[in-house]
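Data block below; observations after.
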Amino acid sequence: MLATFEKVVRFRLKKFGSFPMTYKFSTIPQNSEVNKSQKICRNKKALFGQPTSSTHPHLVKPGEITPGISLDEFKTRRSKLCEKILSEKYSSKNLSSTHILIIPSSSKVYMSDKIPYVFRQNTDFNYFTGCQEPDSILVLTINPNNNYKSTIFMQKKDERSELWDGPRTGVEAATKLFNIDESLDVSDFESFMTSFINANKNNCTIWYDNKNIISQDIHKKLNQIIKKTKLDVILTPETLFHQLRVVKSSSEINIMKQSCEIASAAISKTIEIGKPGISEHQLFATVDYESRMRGAEFLAYPPVVAAGDNANIIHYITNNQIIKNGDTVLMDAGCEYHGYSSDITRTWPIDGKFTDYQRVLYEVVLDVQKTLIKRLENFPSLDQLFNEMCMLLGKRLQEINLIPKNFNDNELRSAAYSYCPHHVGHYLGMDVHDCGKISRGVQVEPGMIITVEPGVYVNSKNHLAPPEFHGLGIRIEDDVLITEQGPDVLTKMCPKEIQDIEDLAKRNLD
């Protein structure tokens, strides 16, 4: 083991005015073997804990840390977050004039001893840093003069760990790589927090999500620090995060378009290769393969591949049944591309031809979906769109005798909901069900991306349903960008017209 020693430093944060802070952190002697090895490494090609423009020029361009998004954009996001904290809405709550905000990264999660799940970064940490490494922390501090500073806490370089798990960025390179004001060893987090709070004990608000715990280790340390310093002003920043994330920048929209194009092509190819006798699992494997071969990192969620009556299970993900001649297949799938998700549903006849009852039900769902997408020109809320879906669906189902024609409006909505017991859409972005703190009661606005996904599921237990429709399940879902000029369907390359669907589904038939 190389010797390290503790050094006490009194920080005079010039940018912040008067933040006298004293804390201990580990330092490496200048003549140590670690420093010698670091100097040697500088003469080699630098390796980091994630792709960069020097190591992966086919993915990341100079000036970027996430493909397609510049370092300047991440800095702007952090600035906007601090501005929100300082906005009139929050300052009017008589909060303190000093703030400290903590966003932990995800940690590795293991499925069994030494076998990790595929790592996925905490979305909020990713949004504000672009950092893909586990066990890191972003801290933003705001002083009484409304100046802010960003600090990222990283794992230090460690040859043994890196031998098994791959390169780490380390502390020294993090400041420049992530365009952050300061980088420190993650082991210094407790000292940093304690010193900051003690220096501003009577004038400090902590912003930290203590309900949706991302890192148990950081959560435990923070609770100990708060108990020790007797600071009790803690607010959750999640709503602020989602207010920023729900409206996409032009860079985010470009990535989302690519994610939607990849998923559209993958699902189209999956429809094309299907035939009676194939299994749901094989279709799952196909859409996964086709997405990855087009550049997606992985699927955005476990897909629904539901044949026949399985489509009546809204979140059916078992995907292990053989698909029979005459079945329809409902596939709900999307991919994650450079951190951004797509979400598409298509329903098709496995033998290339809808039956009369399948066709009439499909036409109802398709017509309702087209009408709802057109309605987005008026910037309704998702809740308003849902209410309209229930009325439209109810009236169309009356036309084909799935709902009695003598029902009043309330009965009609209730009956329609019995056939479609889910909402008509949700926000879409870095997460599939994105920005959960944003109410579906707010009007959509340009820059938002939403799904529009009406469906009809005819369960045999539904006393309103004629037996000839029993077991049918149809859903059609597209991803829609809201613009000033009107809705832009990002998944339009994935066929949904009856003739197009049938033509595609016939291609692999003998």
Theoretical ellipticity at 222 nm over the chain - DSSP helices of four or more residues, -39500 (n - 2.57) apiece, nearest 500: -11000 deg cm²/dmol
Residue order, fewest to most surrounding Cβ atoms within 10 angstrom, among Tyr117, Tyr127, Tyr148, Tyr357: Tyr117, Tyr357, Tyr148, Tyr127
Residues Glu497, Glu238, sorted so that the one with the fewest Cβ neighbours within 10 Å comes first: Glu497, Glu238
Per-residue Cβ neighbour rank within 10 angstrom, fewest leading, Lys228, Lys157: Lys228, Lys157
Residue-span extension gain [Ser279 to Ser439] - 0.36 nm each, minus C-alpha spacing: 53.7 nm
Computed E for Gln485/Asp232 - FRET, C-beta separation, R0 35 angstrom, nearest 0.05: 0.10
Inter-site label distance for Lys506 and Glu297 at 7 Å from Cα along Cβ, in nm: 4.2 nm
Charge dipole (the chain, unit charges on Cβ, about Cα centre) - positive-most of Ser183, Val287, Ser268: Ser183
Segment 140-211 - charge dipole about Cα centre, Lys and Arg +1 at Cβ, Asp and Glu -1, debye rounded to 20: 240 debye
Separation between Cα centres of segment 375-428 and segment 118-174, rounded to whole Å: 46 Å
Relative contact order for the chain, counting Cα pairs under 8 Å that sit 6 or more residues apart, in percent: 12 percent
Extension gain (nm, one decimal) between Val360 and Lys201, 0.36 nm per residue minus Cα-Cα: 50.5 nm
Per-residue ³J(HN,Hα) for segment 236-248, Karplus 6.51 cos²θ - 1.76 cosθ + 1.60, θ = phi - 60°, Hz, x for Gly and Pro: 8, x, 4, 4, 4, 4, 6, 4, 6, 6, 5, 9, 8
Farthest positive-ward along the chain dipole, Cα basis, beta-carbon charges - from Asn200, Ser136, Gly166: Asn200
Computed label-point distance, nm, for sites Thr55 and Asn408 using a 7 Å Cα→Cβ extension: 6.7 nm
Cα-centred dipole magnitude for the chain, charges only on beta-carbon of K, R (+1) and D, E (-1), debye, nearest 20: 2340 debye
Debye log10 I(q)/I(0) at q = 0.22, 0.27 Å⁻¹ for segment 343-382, Cα point scatterers: -0.79, -0.96
Förster-model FRET efficiency, 45 Å R0, Asp383 and Ser161, C-beta, rounded to 0.05: 0.40
Crossing angle, helix 250-273 versus the chain [Cα axis fit, 0-90 degrees, rounded to tens]: 40 degrees
Segment 72-77 - phi-based ³J(HN,Hα) in whole Hz, Karplus 6.51/-1.76/1.60, Gly and Pro as x: 4, 5, 5, 5, 4, 4
Charge dipole (segment 420-482, unit charges on Cβ, about Cα centre) - positive-most of Gly429, Asn462, Ile449: Asn462
Simple spin-label estimate for His463 and Thr371 in nanometres, 7 Å along Cα-Cβ: 2.7 nm
The chain: projected area of the alpha-carbon convex hull, averaged over directions, in nm²: 28.1 nm²
Gain in span if fully extended, Asn145 to Asn223, counting 0.36 nm per residue against the direct Cα distance: 25.3 nm
Principal-axis tilt of helix 356-375 within the chain, Cα atoms, nearest 10 degrees: 50 degrees
Helix axis angle, 216-229 relative to the chain longest principal axis, alpha carbon, degrees: 50 degrees
Paramagnetic label zone (point 7 Å from Cα along Cα-to-C-beta, Ser87; backbone N under 13 Å) in segment 219-239: 238-239
Efficiency of FRET from Cβ geometry, Gln243 and Glu497, R₀ 41 Å, rounded to 0.05: 0.65
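All of the numbers you see were taken from the coordinates with simple rules; none came from a lab. The structure displayed is predicted, hence computed values, not measured ones. Don't worry about glycine lacking a Cβ; one is built from the backbone with ideal geometry, like all the others, and counts go over all protein chains shown.
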